[in-house]
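Remarks on the structure that follows.
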Amino acid sequence: MSHTERFAVEIWPGTAYPLGATYDGSGVNFAVFSEVAQAVELCLVDEAPDGTLTEQRIAMPEVDGFVWHCYLPGLQPGQRYGFRVHGPYEPANGHRCDPSKFLLDPYAKAIDGQVVNDPSLFSYDFADPTKRNTDDSLPHTMLSVVVNPYFDWGHDRPPRHEYHESVIYEAHVKGLTMTHPEVPEEIRGTYAAVAHPAIIEHLTALGVTAIELMPVHQFVQDTSLQDKGLSNYWGYNTIGFLAPHNAYAAGGRGQQVTEFKAMVKALHAADIEVILDVVYNHTAEGNEFGPTICFRGLDNASYYRLVDGAKEHYYDTTGTGNSLLMRSPHVLQLIMDSLRYWVTEMHVDGFRFDLAATLARQFHEVDKLSAFFDLIQQDPVISQVKLIAEPWDVGDGGYQVGNFPPLWTEWNGKYRDTVRDFWRGEPATLGEFASRLTGSSDLYEHSSRKPIASINFITAHDGFTLRDLVSYNDKHNDANGEGNRDGESHNRSWNCGVEGPTDDPDVLAIRRRQQRNFLTTLLLSQGVPMISHGDELGRTQLGNNNVYCQDNELAWIDWDLEDEDKRLLAFTGAVVALRRKHPVFRRRRFFAGSADHGGESQLGDIYWLKPDGTQMTEADWRNGEARLMGVWLNGSAIPEPDKRGRRILDDDFLVVFNAGADDAAFTLPTGAWGGQWCFEVDTDATTVDPGWRAAGSVLTVGGRSVVVLRSPREAPVPATGAATPKA
């Protein structure tokens, strides 16, 4: 490798803002922050005829406010570059500058290549960590790329679906598209594949309004996984907060930016929002034994939380080796600049923040009024998009469900746990199940938030798929090479009588019914439902509840659908459509529980009914063995107006839940709650009975099933007393 100049380069002072590499049509401005640096070199990288990398180092002549900068006229997009920082290497004082390490630009808009496991990436000698390793890391690391920001967005407009009208679909770029037969093989697993009409048609037919993509910021493949023949499939190992992950691009170098924008444009044209799962709590550089790729070599003490009194160690609340220093103005600026870039330049519609409790740790404790949340609150761009917190981390006091500021929504882990417990038949779950079904007011109402603060989910990428939730009692993670020690051990799952695959028709029937029960509960709960990709198709991971390292068929959706998979897909779409059609299932305010609800009806907005059709009492709620109950929803008692200010009037609904193993009788309510009822959903029936039922009729509700009945505001055809068909 040569460090000789390949041409005489003209260097102008440039500006300290914006940070990163900015192409203006005539040249490129470079700016990078480092408070500890004594000198910074900009390194331009090209490829020699023999394939080796050549490097031209340019001393950055200007520094303002600890931002080193220069402008190179004539430089064009596609140029690969990085930095070398000269300064103190004093781990005991928190400093790890090392000019032998080629560093990524924290503001790189595109990144080329991947990290290749090599000792040169580390500033210490493996045999003796007290000794320095000054081998050059350039041949083994990633390179920043100058990009052209222009893209023809045409008439692109954000869909801006309101939360209460949203159905979120969590998906993985590769896992969603890798085996779809209608997606051309050459683009499978890429942004272009997500934009393919076959994928968009699936999403629109299902009725989802937003796709929440697992990490697409540039991430690093863990060398420890590579050594075992595995990979970081999920991508929670970010190194570039402004760069789309390059492995998800179908084209060549730098095409990931254009392809990502084209994907967003196509999804927006289908009225689907794009939400990104973002990892701002840590980076891919790990702890003190990790590689030097970017932040560590630029200014370690400014970017990372270090242990007080032992600054050679990293304070870790993420379980990944390090945590970003959230009280550093430069870290906060990086995160805010990143968020703003993805909204303004990449047109995304919101973010789900991984381990968001770490972002609140301005000091040791979780502080919901930390500087990060203050910045979000006042930002005119970020405050207007969807903000979803994963409200926990692995540090002390890290479980913060219900404690985020009013602007935020949260993954409701208590919803997941309660609904799983109810349907597996755990005792004394009725009361909390009712609370989760109605929007978790106990978690959110105290802070003036509404039901939409709750992102409801049964499954997500982390844990069992829906099919595995009803097929396995225990995790089966041996393929991960960690002796089945990884992943959650307490899954609140039930295998319906047999562990794993079976041909027993009775067990299979219960499993199918349980999947329908979970989906119906999820989609008809107040709050915002989130479906994990493939759950609508019966996707299985064969009991592996932690496929973070499985970039293969085990983790990808299998699009070779059997008849039962197609039926489950049709069922899911029908329940999504029922939710979309009836606002009583997606209220913007909590139930009042009385006639004082601001609606048209003089009745209360919700009543809980026991099997005889009468109202539940305190004793009924305290009955730990109770498994059967109904909830009557008053469609004339929706207090909020529609977008045009008109009163919302809907049909009345009765939803009956039977988590018991046996069929049970349920009497349709009479009197003020009475009416003519028709079936909308019966998870225990092969078809939905089209007939009508009168008040006082006795229904047989199948064991472990949900029945949803509707009473229209207008008079129906005469009622009958026929029984619902059974599976």
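The values are calculated or read from the model by the stated rules, or taken from the named source; none is laboratory data. Quick caveat, the model's predicted, so the values are computed rather than measured. For neighbour counting, all protein chains shown are included, and Cβ atoms are generated from backbone atoms with ideal geometry for every residue, glycine included. Calculation scope for accessible area: heavy atoms of the full protein, side chains included, ligands and nucleic acids excluded. Shrake-Rupley method; radii C 1.70, N 1.55, O 1.52, S 1.80 Å.
Quick one: with all protein chains in place, what share of the accessible area of the chain is carbon or sulfur, to the nearest percent (1.4 Å probe)? Using a 1.4 Å probe with all protein chains present, the chain comes out at 50 percent carbon and sulfur. Report, in whole Å, the centroid distance computed from the Cα atoms of the range 379-399 and the range 557-572. Result: 34 Å between the Cα centres. Quick one: net charge around Q384, please, counting Lys, Arg +1 and Asp, Glu -1 for every other residue with C-beta under 12 Å from its C-beta. Net charge around Q384: +1. Relative to the longest principal axis of the Cα atoms of the chain, the long axis of helix 505-523 makes an angle of roughly 80 degrees. In this calculation the C-beta distance from N93 to Q333 is compared with R0 = 30 Å, giving a FRET efficiency of 0.80. Cross-link pairs exceeding 22 Å in C-alpha to C-alpha distance, out of K101/K131; K131/K311; K174/K386, comprise K174/K386.
Where only DSSP H runs of four or more residues are counted, the chain gives -5500 deg cm²/dmol as its mean residue ellipticity at 222 nm, each run worth -39500 (n - 2.57). Counted over the chain, the DSSP beta bridges are approximately 75% antiparallel. Here's the picture: charge each Lys and Arg Cβ at +1 and each Asp and Glu Cβ at -1 in the range 540-660, and of W556, M629, Y607 the one pushed furthest to the positive end of that dipole is Y607.
If only the Cβ of Lys and Arg carry +1 and only the Cβ of Asp and Glu carry -1, the dipole of the range 324-465 around its Cα centre is close to 240 debye.
Using only the alpha-carbon atoms, how far is helix 413-423 inclined from the longest principal axis of the chain? Give it as 0 to 90 degrees, nearest 10. Compared with the principal axis, the helix lies near 40 degrees.
Amide H contacts of V216 (H built 1.01 Å from N, in plane; Pro and chain starts excluded): D277 sit under 5 Å, all sequence-distant by 5 or more or on other chains.
Dipole magnitude for the range 85-209: about 220 debye, using +1 per Lys or Arg Cβ and -1 per Asp or Glu Cβ, origin at the Cα centre. For K581, give me every one of the aspartates and glutamates with a C-alpha distance below 14 angstrom, ignoring sequence neighbours fewer than eight places off in its own chain. Straight-line reach from K581, under 14 Å: E165, D642, D650, D651, D652, E680. Here's the picture: charge each Lys and Arg Cβ at +1 and each Asp and Glu Cβ at -1 in the chain, and of P329, P215, T521 the one pushed furthest to the positive end of that dipole is T521. A cut-off of 5 Å between modelled amide H atoms, ignoring neighbours fewer than 5 places along the same chain, links V307 with H313, Y314, Y315. In this structure the amide hydrogen of Y169, modeled in the peptide plane, comes within under 5 Å of the amide hydrogens of A210, I211, E212, I531, none closer than 5 places in sequence on its chain.
The HN-Hα couplings worked out from phi for the range 478-492 by the Karplus form 6.51 cos²θ - 1.76 cosθ + 1.60 (θ = phi - 60°) are 4, 4, 7, x, 10, x, 6, 8, 7, x, 5, 8, 9, 9, 6 Hz, whole numbers, x standing for Gly and Pro.
Rolling a 1.4 Å probe over the protein heavy atoms gives the range 440-579 an accessible area of 36 Å² per residue.
Here the 3J(HN,Hα) profile of the range 305-320, calculated from phi with Karplus coefficients 6.51, -1.76 and 1.60 at θ = phi - 60°, is 7, 10, 6, 4, x, 8, 6, 6, 10, 9, 7, 10, 10, 10, x, 10 Hz, Gly and Pro shown as x. In the range 293-384, a dipole from Cβ-located charges (positive for Lys and Arg, negative for Asp and Glu) runs towards its positive end, and of L298, H313, L359 it is H313 whose Cα lies farthest in that direction. For the range 189-202, backbone phi angles converted through the Karplus equation (6.51, -1.76, 1.60; θ = phi - 60°) give residue-by-residue couplings of x, 10, 4, 4, 5, 4, 7, 5, x, 5, 6, 5, 4, 4 Hz, Gly and Pro being listed as x. For the chain, the Kirkwood hydrodynamic radius comes to 27.5 Å, computed from all pairs of different C-alpha atoms.
What number does the range 611-662 give for Rg over Rh if you use C-alpha atoms and the Kirkwood radius? Reported Rg/Rh (Cα atoms, Kirkwood Rh): 1.16.
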